[in-house]
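A.B. asks: Here it is, the structure, as structure tokens.
The values are calculated or read from the model by the stated rules, or taken from the named source; none is laboratory data. Owing to the predicted nature of the structure, the values given are computational and were not obtained by experimental measurement. In this analysis, Cβ positions are derived from the backbone assuming ideal geometry, glycine residues included, and neighbour counts consider all displayed protein chains.
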Amino acid sequence: MTGDEDFPTRSFRLYWRAEAVSSFGTYITLLALQTLVVLTLHGSAAQVGWLNAARWLPFLVLGVVVGAVVDRHPRRPVMIATDLAQAVLLALVPLLWWLHRLTFPALLAVVLGYGTASVIHGAAEMAFLPRLVERRHLQRAHARIDGADAVAMSAGPALGGLLVGLLGAPVAVLADAASYVVSAVTLGRISVAEPASRQGASARDLVLEIRDGIRWIYRESDLVTLSLTTHGWFVGNAVVGVVLAPYALRTLSLTPFEFGIVGALGGLGALLGAGVTTRVGLWLGTGRTIIVCRAISTAGVLVMVTAAGSGREWTSLAVLGAGQGLYGLAMGLSNSHEMSFRQLVTPDELQARTNTTLRSLNRAVMVVVAPLAGLAADAWGIRPALLLAALVFAIVTLALAASSFRTVRAPA
């Protein structure tokens, strides 16, 4: 890449295409796996929580180590290898089902392996983008990626619900396996010069590099306020992620296809957010934009809570979908500003460690909170659990608004 190339470059378009395809399959799988637990395996909200925890557990166990290792290697080959690994692991779900060996523990094992490949891929993926895109285009690049992700969030759950209804949840997972193969092939077409691997790292070297990454985030950079409040946001998000499927499928008696429509409305909200995020950021600034998004997340969950008292099934579907739409809008608006700000203030040699450490700690929150949220939902009820999530989002919003982060604008 040269400094006078226009945006987007061919390499970024290929990167974007690979991300878009795999995101589409991922949203199908997220719906299919939750539906599989609730309807095929007749699981509880607590088991949905354990499923989510298994998906994020590798971030907790391996995340900070993976970031330090990936910083030592070219990032594109790592992305290709982990795409293929995820494809193979997901293909095991329909295979086990066909062999009548698909149990909840077996599903957890597959999801654990899938999550391990995902954490490695994510470390390389986020650290690779600044090597493809000039600094001044990073926020726009993230906005385009978020736009594609929002389209996937819209169409993926709806298609996932249709596939689950027609073929069953286990077979629907094959769509995601195929998407990872397409992503790997697309990434293989990117031509970019990357530094050679740094060999000979001792365990002590890795520990020191991990320490440097953590110190950078929480002591030496401007990321600490955003990082800590984002950890809090993931507490609320973990609760929503656990209780939404049993809330829709059991409390509201929606069908898998209707549940997919709810997810699609969330994706439409995210698409709208991604479409206007650059303009909103220029108007409000990075800090205020993210604060507004946290407030919208709070409102979205409160709307979801009212779906159970809305009467008829179609009304419940509309209200739950509206809440999901607001929730998606907040994510579509905020993500590109959070990610570009993080990358703009972080040196290249710390990119994988910074991104993966933060993602790991955020997912660690999910690992801890998801099972607890499932147990709480089973004990107290779904609606009180959703109200708890709204309270967490409100606290995060107020904490950010009371800090100096509200005046932050991304560096040029």
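A.B. asks: Name the residues in the range 287-329 that are of a type in the set (Phe, Trp, Tyr) and over 22 Å from the mean Cα position of the chain (by Cα), would you? Even if it seems obvious, please write down each step before you answer.
C.D. replies: Pass one, the range 287-329, residues of a type in the set (Phe, Trp, Tyr): 314, 327.
Passing the criteria: only TRP314.
A.B. asks: Could you please give the count of residues in the range 139-194 that are touching a Lys or Arg at 6+ places or on another chain (Cβ under 8 Å) and aliphatic (A, V, I, L, M)?
C.D. replies: Within the range 139-194, residues that are touching a Lys or Arg at 6+ places or on another chain (Cβ under 8 Å) and aliphatic (A, V, I, L, M) number 3.
A.B. asks: Any chance you could count how many residues in the range 396-412 are surrounded by fewer than 17 Cβ atoms within 10 Å (Cβ to Cβ), aliphatic (A, V, I, L, M) and part of a helix (DSSP H, G or I)?
C.D. replies: The number of residues fulfilling the criteria is 3.
A.B. asks: Among the numbered conditions (1) surrounded by fewer than 21 Cβ atoms within 10 Å (Cβ to Cβ); (2) not in a helix (DSSP H, G or I), tell me where LEU254 comes up short.
C.D. replies: Condition (1) is where LEU254 drops out.
A.B. asks: Quick one: what pairs do we get from the range 218-230, first residue in contact (Cβ under 8 Å) with a residue 60 or more places away in the chain, second surrounded by 17 or more Cβ atoms within 10 Å (Cβ to Cβ) and of a type in the set (D, E, K, R), C-beta under 8 Å, 6+ apart or different chains?
C.D. replies: The qualifying pairs are LEU223/ARG342; LEU226/GLU338; LEU226/ARG342; THR229/ARG294; THR230/GLU338.
A.B. asks: Can I ask one more? Considering only residues that are among the hydrophobic types (A, V, I, L, M, F, W, C) and crowded, with 23+ Cβ neighbours inside 10 Å, which ones fall in the range 274-290?
C.D. replies: Within the range 274-290, ALA274, ILE290 qualify.
A.B. asks: Return a yes/no flag: does the range 236-243 have any residue that is outside any helix (DSSP H, G or I) and crowded, with 19+ Cβ neighbours inside 10 Å.
C.D. replies: Our first condition is that a residue be outside any helix (DSSP H, G or I); within the range 236-243, this holds for none.
So far as the range 236-243 goes, no, none of its residues is outside any helix (DSSP H, G or I) and crowded, with 19+ Cβ neighbours inside 10 Å.
A.B. asks: Additional query: Let me confirm something: among ARG215, ARG211, which residue is over 17 Å from THR397 (Cα atoms), modelled with pLDDT of 85 or more and either of a type in the set (Gly, Ala, Ser) or surrounded by fewer than 16 Cβ atoms within 10 Å (Cβ to Cβ) (or both)?
C.D. replies: On the way: ARG211 fails: modelled with pLDDT of 85 or more.
Selected residue: ARG215, the only one of ARG215, ARG211 that is over 17 Å from THR397 (Cα atoms), modelled with pLDDT of 85 or more and either of a type in the set (Gly, Ala, Ser) or surrounded by fewer than 16 Cβ atoms within 10 Å (Cβ to Cβ) (or both).
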